[in-house]
Amino acid sequence: MSLWLAILLFFVALFLILKGADWFVDAAAEMAEGFHVPKVLMGATLVSFATVAPEFFVSVMAAAMGKVEMAVGNAVGSPIANIGLILGCCVCFTFMPVSQEMLKRECVMMLAAVVLLFFLSFNKVITRPISLFFLFLVFLYIRYSLRQARNAREGWRREGAIPKADFNLKRELLFFSAGALMVIVGSRLLILTGSSIAMYFGISESVIGLTLVAFGTSLPEFFTAVVAVTKGHKEISVGNIVGANILDIILVLGVSGLVRPLPVDVTTHFFAIPVLLLLSVLLITFGTTRRGFQRWEGGVFVAIYTLYIYYLFL
């Protein structure tokens, strides 16, 4: 495959992923509103499951095709891009409030997932038993989310709120399914073109996964964050990023590691994962101090992400 054809197909793949993700993100949001789930919980659960689908399909397919370095790099690089680039850029333009309950629960879960990943990958491989443990954590996370949603619905009923009149479950399920199919096709194409570009420039698949592919699969989170901020739904933006980061580790690596044991190279274990750990700690620290993120704190996130990219390509 020629370089220009690979670049062209890479952007075609991104278009399929973005358009497909756009459809099922909207569908997931409509379903969440139809079932009366709070915005912050919507962002951390249904919307996160939707926007993490590109990372999921790319990493799982990469593992199935034997491109294990790209699978791990994408699963670790996407959460770094979510905090350092996406949240950082949004915060640079506006104050972002964050629920203190979320900081005590979901954000701590995110930090715990990163710490677990660091220690469980000390032997330089994510084995199938480790993957099964991650999937058990996914089960616990889903169970916790369903309990939170059930509590929210009970509160809604007690308040006697009016149901959403134009909610059409069949229509939203159709858009959700069509969007997911586009993401699957685009993800497979993204792996093939990403590998070709990496081979042409002599760049390791691990670095491509940590940067180019990770950024590409994080674009749904980016557009979700931008739309949420511009429409005044900032809680969805923060909740989506935190929830997606949790799922990137326990769900994406869990399923990918079942397909094939995933070796973790030195760059990922001793550089990328510590960077993700630093960003996670800063997210909790910044969010706690003033119940939200100030613009200069967004600048810190972006600066860390810029230095991270510079080091990888140095």
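Just one of 213, 226 is out of contact with any strand residue (DSSP E or B) (no Cβ under 8 Å at 6 or more places or on another chain), surrounded by 13 or more Cβ atoms within 10 Å (Cβ to Cβ), modelled with pLDDT of 75 or more and β-branched (Val, Ile, Thr); which is it? Step through it out loud before you land on a result.
Numbers: 226 fails: modelled with pLDDT of 75 or more.
The match here is 213.
One residue stands out among those in segment 296-312 that are among the aromatic types (Phe, Trp, Tyr) and more than 20 Å from residue 207 (Cβ to Cβ): the one that is modelled with the lowest pLDDT, which is 296. What single numbered condition from (1) farther than 18 Å from residue 72 by Cα; (2) surrounded by 18 or more Cβ atoms within 10 Å (Cβ to Cβ) fails to hold for residue 264? Checking residue 264 against (1) farther than 18 Å from residue 72 by Cα; (2) surrounded by 18 or more Cβ atoms within 10 Å (Cβ to Cβ), the one that fails is (1). Does any residue of segment 228-244 turn out to be assigned to a helix (DSSP H, G or I), touching a helix residue (DSSP H, G or I) at 6+ places or on another chain (Cβ under 8 Å) and of a type in the set (Lys, Arg)? Yes, the conditions are met somewhere in segment 228-244.
Of all residues in segment 276-314, those satisfying the criterion of being exposed (fewer than 15 other Cβ atoms within 10 Å of the Cβ), aliphatic (A, V, I, L, M) and assigned to a helix (DSSP H, G or I) are 281, 303, 307.
Is it fair to say residue 194 is modelled with pLDDT under 80, farther than 30 Å from residue 297 by Cβ and either in a helix (DSSP H, G or I) or under 21 Å from the mean Cα position of the chain (by Cα) (or both)?
Details: modelled with pLDDT under 80: yes; farther than 30 Å from residue 297 by Cβ: yes; either in a helix (DSSP H, G or I) or under 21 Å from the mean Cα position of the chain (by Cα) (or both): yes.
Taking the combined requirement at face value, the residue satisfies it.
Does residue 52 fit the bill of being at pLDDT 75 or above, more than 23 Å from residue 242 (Cβ to Cβ), touching a Leu at 6+ places or on another chain (Cβ under 7 Å) and crowded, with 24+ Cβ neighbours inside 10 Å?
Values: at pLDDT 75 or above: yes; more than 23 Å from residue 242 (Cβ to Cβ): no; touching a Leu at 6+ places or on another chain (Cβ under 7 Å): yes; crowded, with 24+ Cβ neighbours inside 10 Å: yes.
Judged against the criteria, residue 52 is not a match.
Within segment 197-221, work out how many residues are free of Cβ contacts under 8 Å to residues at least 40 places away in the same chain and within 16 Å of the chain's Cα centre (by Cα). Number satisfying all stated conditions: 1. A search for C-beta distances below 6 Å between a residue of segment 119-131 that is of a type outside the set (Phe, Trp, Tyr) and part of a helix (DSSP H, G or I) and any residue that is surrounded by fewer than 14 Cβ atoms within 10 Å (Cβ to Cβ) and modelled with pLDDT under 95, counting only pairs 6+ apart in sequence or on different chains, returns nothing.
Can you confirm whether residue 179 is part of a helix (DSSP H, G or I), within 11 Å of residue 17 (Cβ to Cβ) and touching a residue at least 12 places away in the same chain (Cβ under 8 Å)? Break it down stepwise before answering.
Details: part of a helix (DSSP H, G or I): yes; within 11 Å of residue 17 (Cβ to Cβ): yes; touching a residue at least 12 places away in the same chain (Cβ under 8 Å): yes.
When the stated conditions are applied, residue 179 passes them.
The values are calculated or read from the model by the stated rules, or taken from the named source; none is laboratory data. It should be emphasised that the depicted structure is a prediction, and the values quoted were computed from it without experimental measurement. Neighbour counts are summed over all protein chains in view; Cβ atoms, including those assigned to glycine, are modelled from backbone coordinates with ideal geometry.
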